[in-house]
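Visitor: Submitted below is the structure of interest, expressed as C-alpha cells.
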Amino acid sequence: MKIIRFRFQFLTIYTPFDIMYSMKKIIVTTVIIMFVLSGISKAEDKKEKNFFRVLENGLPVVAQQRSHIPLINIVVAINLGSKNEDDRTSGMVHLLEHMLFVAHTEFHTSDEINEELRKHGARFNAHTGNDLMNLELTVPSKFLEFGLRFIEEKLFHLRITQQQLEKEKKIIFEEISQYNDNPNTYGTFLALRSLFPGHPYERSISGNEEIIKNSTVDEINNFYKRFIVSSNCTLAVVGDIDIQKFEKVLPLAFEK
C-alpha cells in the first residue's frame, strides 16, 4: 500500500496588532539581554581573588572569592578512604565518616550542634570514597567565622560515645542493603573488584558488615587520631568572602 503525504503551506497575514506585539517582544528581549550583559560586565570588574597558605599546623588552605551569590562553601578533604583499609579494618573509614557527621565534640553535644546549624541557615554533609573523605558546609557568607570554627571543631575535637556508635552501625547496615539492591552501585563494586584484584579498590567503600558490627569506640578513635591531622587535610573555601577578612579570621579558627 503506497502512502502519500501531503504538505500544505498557508499564507500568514499580520495585522497591525500582531506587528505591535512583535515589536514589544523585541524591545523587552533587547532590554533583558542588555541587563544580563551589564551584570556580566560588573561581575568581570569584580575580579575573582585567590588565596593559598599553609598554616603553622601544616594545614593547606585555598580560597576563592566569588561574590555573585551571598553564600560560602567550606570543604575539608581528608587524605583517607577505603584505600587505607585492609581486611581487618574494612568499613572503619565509612564508620568514622558517620561519626564525624553525627557525634558530639569536646565542646558541644550533637543536639547543640544541630541547633547551631539551623540558627545559621547552614547545610552540613560528609562523604566517603576510595581515596578521600570530605566534610562540607554551606552557609550564608555573613557567617564565615561560624563556618570555619564549626568545621575546625567537628574535624579536630570529636568525642564518640558507644550509644552513637551503635546507632550509626544500624544506619550503615541499612545503607549497605540499599547499595546492594541498587544495580548501579553494586555493578560499580563488581567492576572494581574485577579490575583491581589484591588492591584496596576491590573492597566495598561501605565496608565489611562483620567488622563494622564488632568495632569499638577505641578502634574508631585510633583510626581518627592516626588520620585526622592537619597535615593530612586540605581546607577549601569558595564564595562571597572578603579575602582580607578571611586572612584575619582563619588563624583564629584553625591555629588556636
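Visitor: Given the structure, is MET99 surrounded by 13 or more Cβ atoms within 10 Å (Cβ to Cβ), in contact (Cβ under 8 Å) with a residue 24 or more places away in the chain and in contact with a Phe, Trp or Tyr (Cβ under 8 Å, 6 or more places away or on another chain)? Quick ask: steps written out before the conclusion?
Guide: Numbers: surrounded by 13 or more Cβ atoms within 10 Å (Cβ to Cβ): yes; in contact (Cβ under 8 Å) with a residue 24 or more places away in the chain: yes; in contact with a Phe, Trp or Tyr (Cβ under 8 Å, 6 or more places away or on another chain): yes.
Yes, satisfied.
Visitor: Tell me, please, whether a residue that is within 30 Å of LYS245 (Cα to Cα), modelled with pLDDT of 95 or more and aliphatic (A, V, I, L, M) can be found in the range 78-92. Give the derivation first.
Guide: At the first step, the residues of the range 78-92 found to be within 30 Å of LYS245 (Cα to Cα) are 78-79.
Of the ones still in play, those that are also modelled with pLDDT of 95 or more are 78-79.
Now restrict to residues that are aliphatic (A, V, I, L, M): 78.
The answer is yes; a qualifying residue exists.
Visitor: Pairs under 9 Å by beta carbon, first residue farther than 11 Å from PHE150 by Cβ in the range 105-117, partner among the polar types (S, T, N, Q) and part of a helix (DSSP H, G or I), six or more apart or different chains?
Guide: SER110/GLN164
Visitor: Yes or no: HIS98 in a helix (DSSP H, G or I), in contact with an Asp or Glu (Cβ under 6 Å, 6 or more places away or on another chain) and not hydroxyl-bearing (Ser, Thr, Tyr)? I'd like the intermediate steps shown before the answer.
Guide: Values: in a helix (DSSP H, G or I): yes; in contact with an Asp or Glu (Cβ under 6 Å, 6 or more places away or on another chain): yes; not hydroxyl-bearing (Ser, Thr, Tyr): yes.
Judged against the criteria, HIS98 is a match.
Visitor: Just wondering, is there one or more residues in the range 105-113 that are small (Gly, Ala, Ser) and under 20 Å from ASN222 (Cα atoms)?
Guide: Start the filter on the range 105-113 by keeping residues that are small (Gly, Ala, Ser), which leaves 110.
Now drop any that are not under 20 Å from ASN222 (Cα atoms), which leaves none.
Within the range 105-113, not a single residue is small (Gly, Ala, Ser) and under 20 Å from ASN222 (Cα atoms).
Visitor: Determine whether LYS83 is part of a helix (DSSP H, G or I) and either surrounded by 17 or more Cβ atoms within 10 Å (Cβ to Cβ) or in contact with an Asp or Glu (Cβ under 9 Å, 6 or more places away or on another chain) (or both). Walk me through how you get there before you give the answer.
Guide: Numbers: part of a helix (DSSP H, G or I): yes; either surrounded by 17 or more Cβ atoms within 10 Å (Cβ to Cβ) or in contact with an Asp or Glu (Cβ under 9 Å, 6 or more places away or on another chain) (or both): yes.
Taking the combined requirement at face value, the residue satisfies it.
Visitor: Still on this structure: Counting just the residues of the range 46-78 that are charged (D, E, K, R) and assigned to a loop (DSSP other than H, G, I, E, B), which one comes out surrounded by the most Cβ atoms within 10 Å (Cβ to Cβ)?
Guide: Filtering the range 46-78 down to residues charged (D, E, K, R) leaves 46-49, 53, 56, 66.
So of that shortlist, the ones also assigned to a loop (DSSP other than H, G, I, E, B) come out as 46-48, 56, 66.
Working: LYS46: 11, LYS47: 8, GLU48: 13, GLU56: 10, ARG66: 16.
Here the residue is ARG66.
Visitor: Can you pull out every residue in the range 186-214 that is surrounded by 12 or more Cβ atoms within 10 Å (Cβ to Cβ) and either under 24 Å from LYS167 (Cα atoms) or in contact with a strand residue (DSSP E or B) (Cβ under 9 Å, 6 or more places away or on another chain) (or both)?
Guide: ARG203, SER204, ILE205, SER206, GLY207, ASN208, GLU209, ILE211, ILE212, LYS213
Visitor: Have a look at LEU148, LEU117, LEU144 and point out the one that is part of a helix (DSSP H, G or I) and surrounded by fewer than 17 Cβ atoms within 10 Å (Cβ to Cβ).
Guide: Criteria check complete, one pass: LEU117.
Visitor: Now a separate question. Quick one: in the range 236-256, which of the residues that are touching a helix residue (DSSP H, G or I) at 6+ places or on another chain (Cβ under 9 Å) and of a type in the set (Asp, Glu) is nearest to LYS49 (Cα to Cα)?
Guide: Quick first cut of the range 236-256, residues touching a helix residue (DSSP H, G or I) at 6+ places or on another chain (Cβ under 9 Å) only: 237, 239-242, 245-246, 249-250, 252-254, 256.
Adding the requirement that they be of a type in the set (Asp, Glu) leaves 240, 242.
Working: ASP240: 11, ASP242: 9 Å.
Ranking the candidates gives ASP242 first.
The rows are residues; the columns are (1) on the phi > 0 side of the Ramachandran plot; (2) in contact with a helix residue (DSSP H, G or I) (Cβ under 8 Å, 6 or more places away or on another chain); (3) free of Cβ contacts under 8 Å to residues at least 60 places away in the same chain.
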site: TYR201; (1), (2), (3): no, yes, no
site: ASN208; (1), (2), (3): no, no, no
site: ASN214; (1), (2), (3): no, no, yes
site: THR234; (1), (2), (3): no, no, no
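Visitor: Here's another thing I want to ask about it. Quick one: in the range 219-256, which of the residues that are among the polar types (S, T, N, Q) and closer than 22 Å to ASN73 by Cβ is nearest to the chain's Cα centre (by Cα)? Spell out the reasoning first.
Guide: To start, the set of residues in the range 219-256 that are among the polar types (S, T, N, Q) comprises 221-222, 230-232, 234, 244.
Remaining after also requiring closer than 22 Å to ASN73 by Cβ: 230, 232, 234, 244.
Details: SER230: 19, ASN232: 18, THR234: 13, GLN244: 25 Å.
Among them, the one singled out is THR234.
Visitor: Let me ask you something else. Pick out the one residue from TYR224, TYR186 that is closer than 25 Å to PRO60 by Cβ and hydroxyl-bearing (Ser, Thr, Tyr). Walk me through it before giving the result.
Guide: Details: TYR186 fails: closer than 25 Å to PRO60 by Cβ.
Just a single option satisfies the conditions, and that option is TYR224.
The values are calculated or read from the model by the stated rules, or taken from the named source; none is laboratory data. These numbers come from a predicted model, not from an experiment. Neighbour counts are summed over all protein chains in view; Cβ atoms, including those assigned to glycine, are modelled from backbone coordinates with ideal geometry.
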